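The values are calculated or read from the model by the stated rules, or taken from the named source; none is laboratory data. All values reported here derive from a predicted model rather than from experimental measurement. Cβ coordinates were reconstructed from backbone atoms using ideal geometry, including for glycine residues, and neighbour counts include every protein chain displayed. All accessible areas refer to the heavy atoms of the entire protein, side chains included, with ligands and DNA or RNA removed. Shrake-Rupley method; radii C 1.70, N 1.55, O 1.52, S 1.80 Å.
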Amino acid sequence: MPDDDLLFPSDPTQRSIARELFAAAKDQPLICPHGHVDPSILAGDTPFPDPARLFIVPDHYLTRMLLSHGIPPARLGVQSTDGSPVETDGRTIWRTFAEHWHLFRGTPSRLWLERTFSAAFGVDIPFRPDTADEVYDALAARLAEPQFRPRALFNRFGIEVLATPESPLDDLAAHQALAADGWGGPGGRVITTFRPDD
């Protein structure tokens with residue numbers, strides 16, 4: 001079981017306060033005002049295709065770290081703007097990531113992934129290049145189970161409201177589908193927010 005004190009202050013007085021605050025808040029529903037979740041994932045509620053496409057491909061923190069060490073995003077399955085080919089095999093992407101796992105020592109990304117593998121997915125195999133396939137297979141097996149589909153995870157994690165950031169050009173079809181299922185629209189569980197970055 002993960003150590004809930006892991007990120008709390010080392011000072012005993014501050015740690016005591018942190019524990020008290022955490023105990024009061026940990027079972028409260030989550031309200032996520034800026035969630036980087038593609039609403040089509042929840043609208044379709046289809047199983048995630050593989051661990052690489054769930055954890056690596058969409059995570060710009062991971063892919064940018066690897067880019068800073070000369071690993072192009074295309075090797076990690078990230079779509080290019082010019083339509084040039086990218087790696088499509090999830091296991092190959094996963095192995096490439098595992099080969100460079102050492103770059104993430106001491107980072108929040110590594111802590112988040114290790115805790116997610118263990119606490120959310122029940123996979124306690126230490127992630128390393130030589131265990132990459134074993135971890136991949138264990139996670140893939142979990143992703144095939146109904147309780148690891150997007151909406152089931154949404155419920156399990158206690159999310160009350162998730163606001164997804166959409167482009168001004170987005171047609172909001174996924175939000176319309178969510179609203180039709182009772183998951184979206186005003187007062188819904190998944191709502192859209194305007195993000196004019198483009």
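Most mobile of GLY185, GLY35, GLY83 per a Gaussian network model of the chain (Cα springs, under 10 Å)?
GLY83
Taking only Cα atoms and a 10 Å spring cutoff, compute GNM fluctuations for the chain and point out the largest among ASP82, ASP59, ASP27.
In the Gaussian network model the winner is ASP82.
Excluding ligands, DNA and RNA, what is the solvent-accessible area per residue of the chain at a probe of 1.4 Å, expressed in Å²?
Working: 11740 Å² over 198 residues.
For the chain, the solvent-accessible area averages 59 Å² per residue.
If each residue of separation counts as 0.36 nm, what is the full-extension length gain between ALA24 and ARG128 once their alpha-carbon separation is subtracted?
33.8 nm
Estimate the FRET efficiency between LEU111 and LEU169 by the formula 1/(1 + (r/R0)^6), using the beta-carbon distance for r and 25 Å for R0, to the nearest 0.05.
E between LEU111 and LEU169, to the nearest 0.05, is 0.10.
Find how many whole Å separate the alpha carbon centroid of segment 127-198 from the alpha carbon centroid of segment 74-111.
Cα centroid to Cα centroid, the span is 20 Å.
Please state the Cα pair-distance histogram of segment 1-115 with 10 angstrom bins from zero: what percent is in each bin?
Per 10 Å bin, starting at zero, the Cα-Cα P(r) for segment 1-115 comes out as 11, 31, 30, 20, 7, 1 percent.
Considering Cα pairs under 8 angstrom that are at least six residues apart, work out the relative contact order of the chain and quote it in whole percent.
Working: 223 pairs, mean separation 52.7, N = 198.
Result for the chain is 27 percent.
Determine the equivalent ellipsoid of the chain by diagonalising the alpha-carbon gyration tensor, then write out the semi-axes as square roots of 5 times the eigenvalues, largest first, rounded to whole Å.
Numbers: eigenvalues 143, 140, 60 Å².
Values for the chain, descending: 27, 26, 17 Å.
Given a 1.4 angstrom probe, I'd like the percentage of the accessible area of the chain that is carbon and sulfur, rounded to a whole number.
56 percent
Taking the simple approach of a point 7 Å from Cα along Cα-to-Cβ for both LEU7 and ASP137, what is their distance in nm?
My value for the distance between the label points is 3.3 nm.
Of the trypsin sites (Lys or Arg not before Pro) in segment 1-105, which ones lie in a loop per DSSP and count no more than 11 other C-beta atoms within 10 Å?
Taking segment 1-105 and a limit of 11 other Cβ atoms within 10 Å, the loop trypsin sites (Lys or Arg not before Pro) found are LYS26, ARG105.
Is the C-alpha gyration tensor of segment 156-198 telling us rounded, prolate or oblate? Criteria: a/c under 1.5 is rounded; beyond that, a/b larger than b/c is prolate, otherwise oblate.
oblate
Go ahead and estimate [θ] at 222 nm for the chain from helices alone: -39,500 (n - 2.57) per DSSP H run with n ≥ 4, summed, over the residue count, rounded to 500.
-10500 deg cm²/dmol
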